[in-house]
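Everything on this sheet refers to the single structure shown next.
The values are calculated or read from the model by the stated rules, or taken from the named source; none is laboratory data. All values reported here derive from a predicted model rather than from experimental measurement. Heads up, the Cβs are rebuilt from the backbone with ideal geometry, glycines too, and the neighbour counts pull from every protein chain shown. Heavy atoms of the whole protein, side chains included, go into the accessibility calculation; ligands, DNA and RNA do not. Shrake-Rupley method; radii C 1.70, N 1.55, O 1.52, S 1.80 Å.
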Amino acid sequence: GKLILKPGPMSYGEEKLLQFFGQLLGVAIRADVPFPLDLLSSFWKSLLACPLDRKDDLREADILTHKLLKNLVDVKTPDEFNELSASAVCLSEELSGSQLVFVYPSVCGEEMALCPTGSRRPVTWENRLEFVRLVKDLRAAELASEDRMTAVRCGLASVVPVQLLHILTPRDIQLRTIGQPEVNLTYLKVICDSDVIGSHMTGMDCGRHTRCIR
């Protein structure tokens with residue numbers, strides 16, 4: 001899967017490592033030599049202090065949570081909600097009987113109380129939308145990882161002028177640091193079928209490459 005910054009408290013050693021990581025990103029930009037590092041799109045948005053999309057970014061980072069929250073919002077009747085709640089309690093260990101409560105696992109698997117009395121407050125038909133909002137707040141804060149991202153920005157700013165970051169979009173900086181994350185197979189097939197590649201390969205080699213792509 002794709003990578004994100006580990007949320008939670010940050011040690012001094014981790015801060016220095018994140019600053020070094022930011023410097024590596026800066027070197028990749030300045031030298032125009034991308035390195036393979038598959039990071040979520042929310043990382044690049046947070047790096048440039050852009051707001052996260054609570055729908056698309058959550059779906060990319062945690063599809064199970066996205067589906068659960070969507071079902072909680074779309075459920076039509078209290079009976080349907082009770083069935084959904086019973087099937088969702090396995091996502092949390094801090095339960096009141098067999099009922100979903102205001103506790104939810106972090107991306108690291110640690111149980112997080114969504115409110116001061118979360119482990120004793122059950123999720124009901126009436127307060128389910130509040131539960132959805134609090135879980136989204138939790139995930140958004142984890143994906144943003146503001147303290148850790150600040151350390152990455154410090155390292156990046158020591159190599160790349162800060163002014164440059166203001167004119168780049170998250171997609172721009174992603175392409176300049178890790179390159180194109182997807183391979184266009186149609187374009188690659190055209191290149192393999194072209195005379196440019198063919199002039200350096202035998203007919204058998206070209207055929208093998210084309211079959212592999214297909």
Any chance you could count how many residues in the stretch 149-174 are touching a residue at least 24 places away in the same chain (Cβ under 8 Å) and under 13 Å from residue 44 (Cα atoms)? 11
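Considering each of 48, 69, 52 in turn, give the residue that is in contact (Cβ under 8 Å) with a residue 60 or more places away in the chain, in contact with a His (Cβ under 9 Å, 6 or more places away or on another chain) and either buried (at least 16 other Cβ atoms within 10 Å of the Cβ) or closer than 30 Å to residue 178 by Cβ (or both). Explain how you work it out, then say what you get.
Numbers: 69 fails: in contact with a His (Cβ under 9 Å, 6 or more places away or on another chain); 52 fails: in contact with a His (Cβ under 9 Å, 6 or more places away or on another chain).
One residue alone meets the criteria, 48.
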Out of all the residues in the stretch 1-36, which are open to solvent by less than 80 Å² (accessible area, probe 1.4 Å), farther than 17 Å from residue 151 by Cβ and in contact (Cβ under 8 Å) with a residue 40 or more places away in the chain? 28, 29, 34, 35
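Check 42, 11 and return the single one that is closer than 17 Å to residue 155 by Cα and modelled with pLDDT of 90 or more.
Numbers: 42 fails: closer than 17 Å to residue 155 by Cα.
Result of the check over 42, 11: 11.
Being under 20 Å from the mean Cα position of the chain (by Cα), at pLDDT 90 or above, aliphatic (A, V, I, L, M) and farther than 25 Å from residue 147 by Cβ is true for just one of 91, 68, 52. Which residue is that? Can you show your working first?
Values: 91 fails: at pLDDT 90 or above; 52 fails: farther than 25 Å from residue 147 by Cβ.
Residue meeting the stated conditions: 68.
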How do the pairs read when you match residues in the stretch 84-103 that are part of a strand (DSSP E or B) with residues anywhere that are of a type in the set (A, V, I, L, M, F, W, C) and at pLDDT 80 or above, using Cβ under 7 Å and keeping only pairs 6 or more apart or on different chains? 101/123; 103/112; 103/113; 103/114
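Select from the stretch 94-142 the residues that are aliphatic (A, V, I, L, M) and in contact with a Phe, Trp or Tyr (Cβ under 8 Å, 6 or more places away or on another chain) and list them in ascending order. Talk me through it step by step, then tell me what you get.
Within the stretch 94-142, the first condition is being aliphatic (A, V, I, L, M), and the residues that meet it are 95, 100-101, 103, 107, 112-114, 123, 129, 132, 134-135, 138, 140-141.
Result: 100, 112, 113, 114, 123, 134, 135, 138.
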